[in-house]
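Remarks on the structure that follows.
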Amino acid sequence: MTDLTPMLKQYRRIKEQHKDTFLFFRLGDFYELFYEDAVTASRILQITLTHRGKGTSHHIPMCGVPFHSADSYIAKLVKSGHRVAICEQVEDPKLAKGIVKREVIRVITPGTITELNLLDSKSNNFIASFSPPGDFCGAAFIDLSTGDFRISEFQPENYLEPLAEQLRHFSPSEIAVPEEFSFPERFRKENLSSILTTSLPSWQFSPETSLRNLLTHFRVASLDGFGCQDRKGSISAGGALISYLKETQKANLDHIDRILPYDPSDYMLIDSTTRKNLEITKSLKDGSRKGTLISIIDFTLTSMGGRLLKNWILNPLLKKDDIDERLDSIEELLEKGIERAAIREKLRSIQDIERILTKIAIKSANPRDLLAMKNSLVILPQLASFGEKVSRSLITKTVAEIDSLEDIHQRLDASIAEEAPISTREGGIFKDGFSRELDELREINRTGKSFIASLEAKEKKRTGINSLKVRYNQIFGYYIEISRANLAYIPQDYIRKQTLVNAERFITPELKEYETKVLTAQDRIKELESELFEKLLEDLSENSSRIRKTAERIAVMDVLVSMAEAAAMNDYVRPRITEGDRIIIKNGRHPVVEKMELDARFVPNDTHLDNDDNQILIITGPNMGGKSTYLRQIALIVLMAQAGSFVPAQEAEVGLVDRIFTRVGASDFLVEGKSTFLVEMNETANILNNATSRSLIILDEIGRGTATFDGLSIAWAVVEYIHENPHISAKTLFATHYHELTELSATLPRVVNYNIAAKEWKDEVIFLHRLERGKADRSYGIQVAKLAGIPKEVIERAKEILFNLENNEFGKDGIPKLARGSKGTLCSKSFQFPLFSEPENGEIIIELREINLNKLTPLEALNVIDRLKKKIKE
């Protein structure tokens, strides 16, 4: 480093402290990157790579981005799974002695993004930390952008599966672990492939250090008030995570003002497989929001409400009273359409207060953020006034807890200019009248020339010297020039500055003071505004708890109004929640499919499930008939009901469900060495090992991934196990093409057969999409294949094979009937097998049907058999 310039030496010293991080090094109006950072970043960002000292021994690759548009470049690097350290000039270059002092003011990682334009406004962005198994084990999850702080405790000997489920639940973008710890390879591949892993010093996870970090952060003597004093594993993880966030953000993080223990047993458990299969928040097709449950029911108008609605839907409740409290409020808001519309109009003006508060706490907020905060707070008194117009408990309580924050609004209204810039460097942040010193500086800056003129007039009057001039030059600055003839009249406070041939130049204390103000006014304005802005952020941070609580109340209000709006727009009804075991739905509908632009109207269906007589419904019917849609709609209706939402049905009674399991379709996971059938069996095993009598199981085809007899055997045994095992006995919907399973209803008393109705017309199948009692006669697979455009020759040959299969396996000539007709000798190519035709030897079958066995003697019966046998040989 001895041969490097002072600036590059400084760069290298700072880079040494951030080895695995892109260092954005501020040089004037640009952030510059050097060495390997530049090479890699130029490729990711697709910007030009240049070189410093090209052709010399100090050949240094470099690239740069303008500081005023750096956010988009930083976002691209972070989304690629990288860290970015922002290194700023922390002293005025004019005052610097030597190289300007620079420091890293913030490190941005996938889990620490707070910029509103870089985040999904209606989704959380969690960062996780994990304390490995030992005497204890736990995890912590923090959304830095909202202040949400959750902790979880695990059994050290059995932590992998519950941790995996919580990683899927919170979907963190980054996880911090002790530096010497590594997850099992299979766990890492399955659960951490898209999550940035950050290694921290192990001592940061020690119980003592972590506890001290949390107590210091929350300014408390113990964690008893948060209900987590005995959770050593999660305290270890949480304390380390708080330390990491403070280190990277260089801030106190006052907006993180509480810890919430997260216990999955408090909510209906919806595992990742079920979330995926039911398409609650992500489409199976492309992972987008389009075509999901949330896309249909989300009428929220604030980002905070959107995040909370998603949380409610993914965490349905298990307590009847809590659910009814939500339903009561929705019912009242549904009845009061005028008030609901007025509330929605007010909510429309509220910005993302939660995330703006975070930016205030870490001092990354800009003047426009505070304008957005001010314009949002002005609505609060109007929202609070709606408390007089509602009476149901939850909505009333929510409105009552909204702090109008009028003092904060008044402070912002008195300070931030309506045309405030985005950057604090541009000036013009504050209104006139907010700061006396700032007003004086602005006045000097605006009226410098008029002040000089007024001073000149004043001095002429005071001295009586009409030829007196106030002038300026770059060498002496401002001065008063008096001719030699008038020197006898100068006041005593004039200070001689320069002597000329015919005149002398003077200064006065007032003039010198003003000169200093004029020459430095613009720089001082920017400096003073920066100081005032930072002080304003500190004042707002002191009120972070008040602001955060009000933001949470606004979110609840938004969700309740949104659910009422969804009920009104989508014709939903209030479900009746019970602590029994019945699920009874009249004219239920799939909330997403009914909104699709289909050729035919959606057909509603009824459902009756209980643990006594209708525990397992075996559902048969044609492909494309709607079995899968029906199964999913029941699961979604139950989920919506327990989330506190109205549901798409004419009537609905929902006995509380502790968990929804789904086994729907499968895809090969070849990279992980998992076949379709293995995935299918893994998911089925999970259901059989974890379901209870309060669970709802959705099975859409079991055993398709293996040989027919194997698959049928497994499906049969699974139904028996669910029915007979007293530890399960779960309500189950089982759609299948194994028609043999319908025979289970004859031996298992709580198994009931249903089918999705279809009609045949001229060798075509007409789907009725209506659920009927009883089993289906056939699956109409060939007719569906015809609809799909399978070539006619294949369809005709399939009919031949089906005909052979439905009669006997072998013919009298010993040839397998499956092969008959394949050479054209046994079956004509023009063979047509009508959908309703009688099979081979139809006359004999008709005669058999007409025989009254009760009137035949044994001898007559033998004669009939002999006669029919001869007909067959003919």
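The values are calculated or read from the model by the stated rules, or taken from the named source; none is laboratory data. Not measured: the values here are computed from a predicted model. Methodologically, a virtual Cβ is constructed for each residue, glycine included, from the backbone with ideal geometry; neighbour enumeration extends over all protein chains shown. Ligands, DNA and RNA are stripped out before the accessible areas are found, and what is left, the full protein with its side chains, is counted by its heavy atoms. Shrake-Rupley method; radii C 1.70, N 1.55, O 1.52, S 1.80 Å.
With everything on Cα atoms, drop me the angle between helix 509-541 and the longest principal axis of the chain, reported from 0 to 90° to the nearest 10. The angle comes out near 20 degrees. Distance from the Cα centroid of segment 226-296 to that of segment 382-440 is 30 Å (rounded to whole angstrom).
The distance between label points at Glu208 and Ala685 comes to 4.4 nm (points 7 Å beyond Cα on the Cα→Cβ vector). Summed over qualifying helices (DSSP H, 4 residues or more, each -39500 (n - 2.57)) and divided by its residue number, the chain shows a 222 nm mean residue ellipticity of -13000 deg cm²/dmol. Applied to segment 270-278, the Karplus parametrisation 6.51 cos²θ - 1.76 cosθ + 1.60 on θ = phi - 60° returns per-residue 3J(HN,Hα) values of 10, 6, 5, 4, 5, 4, 5, 5, 8 Hz, with x for Gly and Pro.
Fully extending the segment from Asp439 to Val220, taken as 0.36 nm per residue of separation minus the present Cα-Cα distance, adds 74.6 nm. Using the Cβ of Gly580 as centre and a radius below 12 Å, the other residues enclosed give a net charge of 0, where K and R count +1 and D and E count -1. Of Thr508, Ile452, Ser415, which is farthest along the charge dipole of segment 413-508 in the positive direction, counting Lys and Arg as +1 and Asp and Glu as -1 at C-beta? The Cα lying farthest towards the positive end belongs to Thr508.
Scanning residues 5 or more positions from Glu174 or on other chains, those with amide H under 5 Å from its amide H are Ala128, Leu196, with H placed 1.01 Å from N in the peptide plane.
Here log10 I(q)/I(0) by the Debye sum over Cα atoms at q = 0.05, 0.09, 0.11 Å⁻¹ was calculated from the structure, and among [x] -0.58, -1.07, -1.32; [y] -0.36, -1.03, -1.31; [z] -0.45, -1.06, -1.35 it sits at label [z]. Of all DSSP beta bridges located in the chain, what percent are antiparallel, nearest 5? Antiparallel: roughly 60 percent of the beta bridges in the chain. Computed from label points 7 Å out along Cα-Cβ, the spacing between Phe451 and Ser80 is 5.0 nm. How far is helix 35-45 tilted off the main Cα axis of the chain, in degrees rounded to 10, range 0 to 90? Approximately 60 degrees, to the nearest 10.
Using a Förster radius of 60 Å, what is the FRET efficiency between Glu331 and Arg471 based on their Cβ-Cβ separation? Nearest 0.05, please.
Values: r = 80 Å, r/R0 = 1.34.
So, using R0 = 60 Å, E works out to roughly 0.15.
Extension gain, Met596 to Asp263, is 116.2 nm, computed as 0.36 nm per intervening residue step minus the present C-alpha separation. Asn315 sits among other residues whose Cβ lies under 14 Å from its own Cβ, and their net charge, with Lys and Arg +1 and Asp and Glu -1, is +1.
As a length-normalised measure over Cα pairs under 8 Å and 6 or more apart, the relative contact order of the chain settles at 9 percent. In terms of the mean number of neighbouring beta-carbon atoms within 10 Å, the peptides 241-250, 125-134 order highest first as 125-134, 241-250. With a 1.4 Å probe and all protein chains kept in place, how much accessible area does Met7 have, in Å² rounded to the nearest 10? Accessible area, nearest 10 Å²: 20 Å². Applying 1/(1 + (r/R0)^6) with R0 = 22 Å to the Cβ-Cβ distance of Ser72 and Ser283 gives a FRET efficiency near 0.25.
Between the helical axis of 367-377 and the longest alpha-carbon principal axis of the chain there is an angle of about 60 degrees.
Contact order, relative form, for segment 34-139: 16 percent (alpha carbon pairs under 8 Å, 6 or more residues apart, mean separation divided by residue count). Computed extension length for Ala341-Lys397: 18.2 nm, one decimal, from 0.36 nm per residue of separation with the Cα-Cα distance subtracted.
Remark on Ile108: its backbone amide H falls under 5 Å from those of Val84, Ala85, Ile86, a criterion applied only to residues 5 or more positions apart or on other chains, H modelled at 1.01 Å from N. Placing a pseudo-label 7 Å from each Cα along the Cα-to-Cβ vector at Lys290 and Arg188 gives an inter-label distance of 3.7 nm. Within the accessible area of the chain, what % is carbon and sulfur when the probe is 1.4 Å and the other protein chains stay in place? Carbon with sulfur: 51 percent of the solvent-accessible area. Given R0 = 35 Å, the distance between the Cβ atoms of Ile422 and Arg12 translates into a calculated FRET efficiency of 0.60. Computed with a 1.4 Å probe over protein heavy atoms only, the accessible surface of the chain comes to 49 Å² per residue. Calculated on the Cα set of segment 331-444, radius of gyration then Dmax: 17.8, 62 Å.
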